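The values are calculated or read from the model by the stated rules, or taken from the named source; none is laboratory data. Since we're looking at a predicted model, the values are computed, not measured. Quick reminder, even Gly has a Cβ in these numbers, built from the backbone with ideal geometry, and neighbours come from all protein chains shown. Ligands, DNA and RNA are stripped out before the accessible areas are found, and what is left, the full protein with its side chains, is counted by its heavy atoms. Shrake-Rupley method; radii C 1.70, N 1.55, O 1.52, S 1.80 Å.
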Amino acid sequence: MTAPTIERFADIQMLRYDVPGFESLPLRQKLLVYYLAEASLLGRDILWDQNCTYGLRLRKMLEDIYTSYDGSPTDPDWLAFVVYLKRVWFSNGIHHHYSYMKFEPGFSKAFLIGRLQRLGVKDTDELINLIFNPKVMPKRVNQADGEDLLLTSACNYYEEGITQAEAESFYANLKLNADSDRPPMTGLNSRLERYADGTLHENVWRSGGLYGNAIDRISEMLGKARLYAENDKQRAVIDKLVEFYQTGDLKTFDEYAILWVNETESEVDFTNGFTEVYGDPLGLKASWEGYVNIIDHAATRRAKALSDNAQWFENHSPVDERFKKKECRGVSAKVISAAMLGGDLYPSSAIGINLPNSDWIRAEYGSKSVTIANLTRAYNEAAKGSGMRQEFIIDEETRQLIDKYGDVCDDLHTDLHECLGHGSGQLLPGVDADALRSYGSTIEEARADLFGLYYIADQKLIDLGLVPNNEAYKSQYYGYLLNGLLTQLVRIEEGHQIEEAHMRNRALISRWTLKNYPEAVQIVEIDGKHHVRIKDYPLLRKAFGELLAEVQRIKSEGDYEAARQLVEQYGIKTDAELHHEIRERYQRLNLAPYKGFINPKYELLQDDEGNIMDVGIVYNEPYDKQMLRYSQEYSTL
Ligand code: ZN
């Protein structure tokens, strides 16, 4: 194991992850990993441009200053500048990756202008104003109820000046004309722009279109990867993806997604493309991401035990019969090791992924679900001995519970969330998958989390040999509520509200339970500090089941008003006093709330004649060197 902690800055701690098993792969598979990894890195610039129209120009300007700096290494302006740049790198732009708020520069405008003058760079007024004027693009994704979400969001998915109402009516029209049984992911791969005559059109991300150069370079690497594909099915997946990148046709994208979800035999797998829609306030347009993974055989057997029983879990869930899938198929699940992270998965990454996102493809073909074990391990290693448990867990008995069962149950909850939760349930006929609009992501995450919380306490998991006894689940219940009620607040600046969908979901579930089941869970004050006390674990399970039934009803019926009320009432607001206390207790521990990963570096090892002999992997690249190298070697736009 490499040392997990690399460096700290602002609210970030960088970690490294190992890629277990890579060295013992046959050369053919190593080369497959290598070329897919290259393809994962080549989309980086797409994401930077999606996040903000000024992103790439700004990055270049900051990096030029960084690499040419010849002043005092202890100048406070310089030190603050370095932190700022590291944060910008981490967020793939000038807005915080989680809160979406624009960073405040800790250095002076005079310092920046001085450095730019030395470099002889001109035409930077716009960028300087962007950095220093808090009124310019304050937020990347705004979801505040009642505001125009497009005019108030800095993301670059819609041309400046296009209103939310215009975009919504544009896409409502497109959807009217689409196949209603098998609708494509309308709007997924384009920027909405305005012609001179005022009408709107999509500028599609494809070869020859917007981001064409980046897409061509990605396609070229996919072409090399296909030579080492493990089987014909995997080769067909790669070919179809390249075809989609050529045409930008969303029907082709669906064909690709179906091939991809059915390809479950390969040991090396990947995602590459326009995938998640969290960065678009309207939830239509997907940010670019790419990653490569290798199967973790032992842990996969655990997840498979769940997916093999998917229908049992569906049949026994507490939701209304009308909302259950009659036939749960293809919820494949495996545990993997990440081998490369790119785009919107780098450096901050998910630890579980369930794709594709198309509702009808999920219903007809199922979904592929993964838990990324080597990243979770790196997190867990970093968390041990941090002092968090001592400070926030109410008593010794609960601490022991979590020491004993915490890791096992965390993994299991992630498996339940990804392998079963997202794949469960169905929409009633005629319900638009986007009916919940800006509340859709939060409700969907709540649905998957609640499914996991409900079932982690089920005898079935003991029968399957996945948990050792009927006490273990309590560690997950305590940890979940502690996070949702108290500790996740450490990641939000004081005076701000909860924005990110996964965090809103955790707040929603925890606070709903606190409000409606005070006999099960309470917040108590001990010596001036607030703690979570769980009084009745079985009753908690009942509460989670009840809320799961309601959240599934909301999703199945497309009940926008109920979604809005639930999210607005429980998922967003922070209590100023409590928030302050939690942040203060946390700050005394001197830990970083966010973590991200430095990628390993792969190298082709060649003999004198240029034949590839092996693929090396090294783990020693410093954070700043990696970022600068990526800007050099994978600059495409
Ligand atoms: Zn999820």
Roughly how many percent of the accessible protein surface of the chain is carbon and sulfur, given a 1.4 Å probe and a whole-percent answer? 48
What share of the DSSP beta bridges in region 296-594 is antiparallel, in percent to the nearest 5? 60
Straight distance only, please: which aspartates and glutamates reach the Cα of K326 with their own Cα at less than 16 Å, same-chain residues fewer than 8 apart left out? D308, E314, D359, E364
Order by protection proxy (mean Cβ within 10 Å, highest first), peptides 111-117, 405-411, 419-425: 419-425, 405-411, 111-117
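What order, most packed first, do the peptides 412-418, 316-322 have when packing is the mean number of other Cβ atoms within 10 Å of each residue?
Put in order of decreasing packing, that is 412-418, 316-322.
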Non-local residues with an amide H under 5 Å from the amide H of G343, with H modelled 1.01 Å from N and Pro and chain starts lacking one, are R44, G290
Averaging over all projection directions, find the projected area of the Cα convex hull of the chain and quote it in nm² with one decimal place. 28.8
Over the Cα atoms of region 296-594, each weighted equally, I'd like the Debye log10 I(q)/I(0) at q = 0.07, 0.16 Å⁻¹, rounded to two decimals. -0.25, -1.48
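Quote the relative contact order of region 296-594 in percent (integer), defining contacts as alpha-carbon pairs under 8 Å separated by 6+ residues.
On the way: 436 pairs, mean separation 64.4, N = 299.
That works out to 22 percent.
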Using θ = phi - 60° and the Karplus curve 6.51 cos²θ - 1.76 cosθ + 1.60, what whole-Hz ³J(HN,Hα) does each residue of region 158-164 get, with Gly and Pro shown as x? 10, 4, 3, x, 6, 8, 4
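Past 21 Å, Cα to Cα: identify those pairs from K324/K542; K102/K601; K175/K285, in the order given. Intermediate results must be reported in sequence, preceding the final value.
Working: K324/K542 19 Å; K102/K601 31 Å; K175/K285 14 Å.
With Cα atoms farther than 21 Å apart: K102/K601.
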Ranked highest first by the average count of other Cβ atoms within 10 Å around their residues, in what order do 301-309, 430-438 fall? 301-309, 430-438
Could you list, in their original order, any pairs among K334/K535; K86/K555; K86/K233; K60/K368; K86/K573; K325/K573 whose Cα atoms are separated by more than 31 Å? K334/K535; K86/K555; K86/K233; K60/K368; K325/K573
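Quick check for you: with a 1.4 Å probe and neighbouring chains kept, what is the accessible area per residue of the chain, in Å²? Intermediate values should be presented prior to the final figure.
Values: 25500 Å² over 637 residues.
Ligands and nucleic acids excluded, the figure is 40 Å² per residue.
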Please list, in chain and number order, the residues 5+ apart from S367 or on another chain whose amide H is under 5 Å from its amide H, with Hs placed from the backbone. V331, S332
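Using a ≥ b ≥ c from the Cα gyration tensor of region 306-465 (square roots of the eigenvalues), is it rounded, prolate or oblate, where a/c under 1.5 gives rounded and otherwise the larger of a/b and b/c decides, a/b for prolate? Mind dumping the intermediate values first?
Working: a/c = 1.86, a/b = 1.46, b/c = 1.28.
Cα axes put region 306-465 in the prolate bin.
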